[in-house]
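Undergrad: Pasting in a structure now, in structure tokens, and then I'll have a few things to ask.
The values are calculated or read from the model by the stated rules, or taken from the named source; none is laboratory data. Just so we're clear, the structure is a prediction, and the values are computed from it rather than from any experiment. As a convention, Cβ positions derive from the backbone with ideal geometry for all residues, glycine included, and neighbour counts pool all protein chains shown.
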Amino acid sequence: MKAFRHLYGPVPSRRLGRSLGIDLVLHKICTYDCIYCQIGKTTDKTLVRKEYVPVKEILKEVRRFLKEETSSIDHLSLSGSGEPTLHSQIRSVIEGIKTITSIPVAVITNGSLLYEEKVRQDLLHADIVLPSLDAISSEVFMRINRPRPGFSVEKVIEGVVEFRKVYKGQIWLEILFCKGVNDSQEELMRMKKAVDRIQPDRIHLNTVVRPPSERWAAPLNPKEIEKIRDFFGEKAEIISEFDRHPPSMLERDIKEEIFKILRRRPLSLSDLSKGMGISQNELDQYIKPLAQEGKIQTRIYGGSIYYEISKES
Ligand code: SF4
């Protein structure tokens with residue numbers, strides 16, 4: 001079976017269930033370089049919107065995947081190796097998917113380009129938009145998101161507020177907390193005010209749970225994040241771990257799939273197992289040889305073992 005170049009997974013998503021990822025930009029093109037990024041440092045920090053990947057190719061792969069895949073998918077998620085709204089034809093991708101399937105389309109974005117009217121229009125047909133907003137004050141924004149020079153956080157917030165006014169779908173706002181960076185009482189008060197203006201349908205609170213781009217980006221402990229959830233009120237929830245057991249993946253090349261998933265982000269054996277629908281024991285038979293060949297390596301983070309692509313691969 002021919003491999004997919006622009007699709008990955010389905011992967012276990014803490015918010016979207018069993019989610020088929022669609023990669024709209026190449027690794028790693030983004031408007032930010034977040035300290036907690038789980039896919040590594042940004043190599044191309046840009047504001048240039050273009051057709052990084054041909055729309056025709058993406059839609060062809062989605063069509064083929066859905067024809068070959070026999071198990072259920074909860075969402076098709078536009079995200080991947082960077083910021084998906086940098087793809088200038090994201091609207092055509094969303095509209096094209098809608099002609100192929102009724103599976104809901106989610107866009108996981110850092111929200112940085114929503115200040116552009118064109119970007120807001122491009123996302124109108126998505127079912128869920130999941131923007132992130134980790135800082136309100138300029139100083140914290142620069143420290144945690146490390147945006148491309150010229151960005152102002154005020155502009156980013158205005159963009160999300162404007163988007164809310166025209167968008168009829170669900171907005172799930174994610175705030176990721178790094179200890180000692182964006183969790184001060186003053187910053188939380190500012191965030192609450194911004195959230196009140198944005199009026200998201202849900203507020204997802206997160207912390208560093210996977211190996212971050214910067215080793216010093218530290219997580220909040222459960223009590224600290226629970227306190228923040230109470231502060232934000234009833235719409236707020238702490239993102240819980242994926243806990244479903246999807247049916248088995250059938251014919252795909254398992255080794256290649258492991259490699260492809262880990263190229264995007266480090267995962268634990270349990271995460272890989274849930275996402276691929278393969279038992280941990282079975283998966284271990286593929287993981288061990290890959291580690292012995294030096295293609296993947298382990299990294300211990302927060303007391304858990306994660307697998308990642310080794311630097312030599
Ligand atoms: S976390 Fe998202 S927004 Fe931040 S650098 Fe990584 S890809 Fe970009």
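Undergrad: Can you tell me which residue within the stretch 79-101, out of those that are assigned to a helix (DSSP H, G or I) and either within 16 Å of the ligand (Cβ to nearest atom) or in the same structural domain as Arg263 (by TED's automatic domain parsing) (or both), is surrounded by the most Cβ atoms within 10 Å (Cβ to Cβ)?
TA: Thr85
Undergrad: Taking Val161, is it over 23 Å from Pro104 (Cβ atoms), surrounded by fewer than 19 Cβ atoms within 10 Å (Cβ to Cβ), modelled with pLDDT of 95 or more and of a type outside the set (Gly, Ala, Ser)? Steps first, answer last, please.
TA: Details: over 23 Å from Pro104 (Cβ atoms): yes; surrounded by fewer than 19 Cβ atoms within 10 Å (Cβ to Cβ): yes; modelled with pLDDT of 95 or more: yes; of a type outside the set (Gly, Ala, Ser): yes.
Taking the combined requirement at face value, the residue satisfies it.
Undergrad: Please go through (1) hydrophobic (A, V, I, L, M, F, W, C); (2) under 26 Å from Met189 (Cα atoms); (3) assigned to a helix (DSSP H, G or I) for Phe151 and return the number of the only condition it doesn't satisfy.
TA: The failed condition is (3).
Undergrad: Shifting gears a bit: Is there a residue in the stretch 45-57 that is under 30 Å from Pro219 (Cβ atoms), in contact (Cβ under 8 Å) with a residue 40 or more places away in the chain and of a type in the set (D, E, K, R)?
TA: Yes, that holds for at least one residue.
Undergrad: Give the stretch 2-53 a look and list any residue that's charged (D, E, K, R), outside any loop (DSSP other than H, G, I, E, B) and near the ligand (Cβ under 9 Å from one of its atoms), or say none.
TA: Once the filter is applied, which keeps residues that are charged (D, E, K, R), outside any loop (DSSP other than H, G, I, E, B) and near the ligand (Cβ under 9 Å from one of its atoms), the stretch 2-53 yields only Lys45.
Undergrad: Take the residues in the stretch 135-154 that are charged (D, E, K, R) and more than 13 Å from Ala194 (Cβ to Cβ); name whichever of them is nearest to the ligand (Cβ to nearest atom). Even if it seems obvious, please write down each step before you answer.
TA: Let us first name the residues in the stretch 135-154 that are charged (D, E, K, R), namely 139, 143, 146, 148, 154.
Those left that are additionally more than 13 Å from Ala194 (Cβ to Cβ): 139, 143, 146, 148.
Working: Glu139: 18, Arg143: 13, Arg146: 8, Arg148: 11 Å.
Selected residue: Arg146.
Undergrad: Let me ask something else about it. If you go through the stretch 172-182 one residue at a time, do you hit one that is more than 16 Å from the ligand (Cβ to nearest atom), in the same structural domain as Ala217 (by TED's automatic domain parsing) and either among the acidic types (Asp, Glu) or in contact (Cβ under 8 Å) with a residue 12 or more places away in the chain (or both)? Before you say what the answer is, go through the steps one by one.
TA: Start the filter on the stretch 172-182 by keeping residues that are more than 16 Å from the ligand (Cβ to nearest atom), which leaves 179-180.
Narrowing the set further to residues that are in the same structural domain as Ala217 (by TED's automatic domain parsing) leaves 179-180.
Checking the rest, the ones that are also either among the acidic types (Asp, Glu) or in contact (Cβ under 8 Å) with a residue 12 or more places away in the chain (or both) come to 179-180.
Yes - at least one qualifying residue is present in the stretch 172-182.
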